[in-house]
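The values are calculated or read from the model by the stated rules, or taken from the named source; none is laboratory data. None of the values given here were measured: they were computed from a predicted structure. Neighbour counts are summed over all protein chains in view; Cβ atoms, including those assigned to glycine, are modelled from backbone coordinates with ideal geometry.
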Amino acid sequence: MEFIPSIKDAFNKYGTFSGRSSRSQYWWWFLFTILSGIFFSIIDFAILDVNAFSTDPNEPIGWFGTLWSLFLFIPGLAVGARRLHDVNRSGWWQLLILTVIGIFLLLFWYCTKSDQGENNYGNLSN
């Protein structure tokens with residue numbers, strides 16, 4: 001799947017946790033979130049004079065980046081769950097992100113080749 005169709009599909013399935021997402025769709029979504037996060041950090045700095053990378057607790061919040069991150073939270077979880085479904089894992093495995101070793105296991109699954117044909121979560125349609 002290409003970049004633009006991947007992003008459109010993720011927004012069209014905003015809160016859909018069922019089904020499957022291909023490896024390319026997940027990684028295009030990941031790239032989109034990184035690039036848009038950088039963009040909104042620049043906007044926060046240019047308009048609000050907020051440094052997104054400051055460790056000073058008295059630094060004001062960058063509202064554009066914060067709101068954009070909140071907006072992307074649900075579709076990010078949904079794409080991640082559908083990606084795990086694609087390798088025949090439950091979306092609940094995303095909770096492993098809360099552990100150090102779990103991050104590596106999730107990364108492995110996100111990079112794993114899709115199950116061909118049908119699995120417990122249906123057919124891969126794209």
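Descriptive notes on the structure:
- Restricting attention to the stretch 31-66 and to residues that are aromatic (Phe, Trp, Tyr) and surrounded by 15 or more Cβ atoms within 10 Å (Cβ to Cβ), the residue that is farthest from residue 4 (Cα to Cα) turns out to be 45.
- Selection from the stretch 76-94 of residues that are surrounded by fewer than 18 Cβ atoms within 10 Å (Cβ to Cβ), over 14 Å from the mean Cα position of the chain (by Cα) and in a helix (DSSP H, G or I): 92, 93
- Neighbours by Cβ (under 7 Å, 6+ apart or cross-chain): first from the stretch 23-40, at negative phi; second outside any helix (DSSP H, G or I) and of a type in the set (A, V, I, L, M, F, W, C): 24/1; 25/1; 28/1
- Matching residues in the stretch 54-84 - criterion: being hydrophobic (A, V, I, L, M, F, W, C) and free of Cβ contacts under 8 Å to residues at least 12 places away in the same chain: 61, 67, 70, 71, 73
- Residue satisfying condition, being in a helix (DSSP H, G or I), within 30 Å of residue 20 (Cβ to Cβ) and modelled with pLDDT of 90 or more, within set 64, 40: 40
- Test result for residue 73, assigned to a helix (DSSP H, G or I) and either in contact with a Ser or Thr (Cβ under 6 Å, 6 or more places away or on another chain) or surrounded by 13 or more Cβ atoms within 10 Å (Cβ to Cβ) (or both): no
- Of the residues making up the stretch 1-30, those that are crowded, with 19+ Cβ neighbours inside 10 Å, of a type in the set (Phe, Trp, Tyr) and more than 22 Å from residue 64 (Cβ to Cβ) are 26, 28.
Here's the yes/no breakdown for (1) under 22 Å from residue 92 (Cβ atoms); (2) in contact with a helix residue (DSSP H, G or I) (Cβ under 6 Å, 6 or more places away or on another chain):
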| residue | (1), (2) |
| --- | --- |
| 6 | no, yes |
| 22 | yes, no |
| 36 | no, no |
| 46 | no, no |
| 63 | no, no |
| 76 | yes, no |
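- Within the stretch 101-125, the set of residues being in contact (Cβ under 8 Å) with a residue 40 or more places away in the chain, loosely packed, with under 13 Cβ neighbours inside 10 Å and part of a loop (DSSP other than H, G, I, E, B) comprises 113, 125.
- Considered as a group, the residues in the stretch 76-95 that are in contact with a Ser or Thr (Cβ under 9 Å, 6 or more places away or on another chain) and among the hydrophobic types (A, V, I, L, M, F, W, C) include one that is farthest from residue 115 (Cα to Cα), and that residue is 78.
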